1. Quick check on my filter: what residues within region 306-325 are within 23 Å of the chain's Cα centre (by Cα) and either at pLDDT 95 or above or loosely packed, with under 10 Cβ neighbours inside 10 Å (or both)?
2. Can you name every residue in region 196-224 that is closer than 23 Å to Gln308 by Cα and crowded, with 21+ Cβ neighbours inside 10 Å?
3. Give region 126-166 a look and list any residue that's under 19 Å from Ser281 (Cβ atoms) and not hydrophobic (A, V, I, L, M, F, W, C), or say none.
4. Select from region 116-154 the residues that are among the acidic types (Asp, Glu) and either part of a helix (DSSP H, G or I) or modelled with pLDDT under 95 (or both) and list them in ascending order.
5. Considering each of Glu241, Glu253, Glu267 in turn, give the residue that is in contact (Cβ under 8 Å) with a residue 12 or more places away in the chain, touching a His at 6+ places or on another chain (Cβ under 9 Å), under 19 Å from Ala141 (Cβ atoms) and of a type outside the set (A, V, I, L, M, F, W, C).
6. If a residue must be open to solvent by 50 Å² or more (accessible area, probe 1.4 Å) and touching a Ser or Thr at 6+ places or on another chain (Cβ under 8 Å), how many such residues does region 157-191 contain?
7. Check Ala84, Ala48 and return the single one that is modelled with pLDDT under 65, part of a loop (DSSP other than H, G, I, E, B), within 22 Å of Phe262 (Cα to Cα) and over 19 Å from the mean Cα position of the chain (by Cα).
8. Can you report the number of residues in region 182-201 which are in a loop (DSSP other than H, G, I, E, B) and either more than 19 Å from the chain's Cα centre (by Cα) or not polar (S, T, N, Q) (or both)?
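The values are calculated or read from the model by the stated rules, or taken from the named source; none is laboratory data. None of the values given here were measured: they were computed from a predicted structure. We place every Cβ from the backbone using ideal geometry, glycine too, and count neighbours over all the protein chains shown. Ligands, DNA and RNA are stripped out before the accessible areas are found, and what is left, the full protein with its side chains, is counted by its heavy atoms. Shrake-Rupley method; radii C 1.70, N 1.55, O 1.52, S 1.80 Å.
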Amino acid sequence: LMRMQLDTRLSLWVIKERGERDSISSEGTRATMGAKASNLRRSMSKGAKSGNDEALMRMQLDEDILQEAAAIDAAKRGVQGSTAAAPPSAPPGGPHVEHVPLNWKRGQGGHKPNDATRRMLHEAGGRDGVAKFTNLFYQIAFQDPHIDQFIRDHDDPHGDRFADWITEKFGVGTPWSTERSTRKTCPFHAHGHKFESAHDRSSAHFTAWHSPKRSEEDFGRHFKLDDCRVWMRLHFWALRESGVWANSPSFAEYYMKFIGHFVSIYESSATMFVRESARWSEDPANIQRYLANGRRMTPNIIGLSLDQACKALPDHERKGAGDWPYC
């Protein structure tokens, strides 16, 4: 109970802090964001002792989440974000793999779109093509007994919101921030505690930790490696099944690195398993075994220690080997 109260106080404190931010378009705002993050870091470091507290702090201090919060604030005030021109033409010859370095560097305010990300998004079908993939992913996730425990309400437009977020991150408009600026929240109860429904990415994951579908034992526990591995396997399966992977291998190659970065916010060791998850999704025999086993992973990956899980990885994909995904 004490941990739950602390998590809730921290989440509300961050929401309050976000309400004080200025526009992301100015140098002053970037300085303000840095100062707010520094104050948050000092304040939370005094009490963040448990794994959940540390996970919450890591999520709230993430550069992308700070930038996204400022973008939402700008959208509420009607500040127009950058509007991308038509994407540059793809190289001739049809779909092929264009190796584009992940456009993320520490201190630059999170992942930044560029001409290449806009071109790849266009090749993947634009926002509508991505929405086909993300909505299929949630149809699959709802049927997975392990992942579905994190999803409180199937009626929320999860897939469309995810597509809006990807589209904005890849540099085509601000659909996610615009939708977020007017989204209503509502209270819900879980295991005797009261929460507000998700209003942004960090609160979405916080409420997933506290989904009423979770057992008393796991309630409030942050995402672990096994949770991330199941999520990524299903995610890349949907990416293939939707046709997006085939339409744009370049998008898929970049998107794996994109997920490799963003999943590390929730569980740092999960980045090592992105490529393994993508390989799993490529083999129809794996899908058939999964379906035949009641939509449970087989061999079972739930509850494995990091050392046990790493046995499935080639040496060059283990931590400390190379600079992937930042390449």
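1. Matches in region 306-325: Leu306, Ala309, Cys310, Leu313, Glu317, Gly320, Asp323, Trp324, Pro325.
2. His222 - this is the single residue of region 196-224 that is closer than 23 Å to Gln308 by Cα and crowded, with 21+ Cβ neighbours inside 10 Å.
3. Correct list: Gly129, Lys132, Thr134, Asn135, Tyr138, Gln139, Gln143, Asp144, Pro145, His146, Asp148, Gly159.
4. Across region 116-154, the qualifying residues are Glu123, Asp128, Asp148, Asp153.
5. Numbers: Glu241 fails: touching a His at 6+ places or on another chain (Cβ under 9 Å); Glu253 fails: under 19 Å from Ala141 (Cβ atoms).
None of the others qualify; the one that does is Glu267.
6. Selection size over region 157-191: 4.
7. Numbers: Ala84 fails: within 22 Å of Phe262 (Cα to Cα).
Testing whether each residue is modelled with pLDDT under 65, part of a loop (DSSP other than H, G, I, E, B), within 22 Å of Phe262 (Cα to Cα) and over 19 Å from the mean Cα position of the chain (by Cα) leaves just Ala48.
8. Filtering region 182-201 for residues in a loop (DSSP other than H, G, I, E, B) gives 182-186, 191-192, 197-200.
Subset that is either more than 19 Å from the chain's Cα centre (by Cα) or not polar (S, T, N, Q) (or both): 182-186, 191-192, 198-200.
Total satisfying the criteria: 10.
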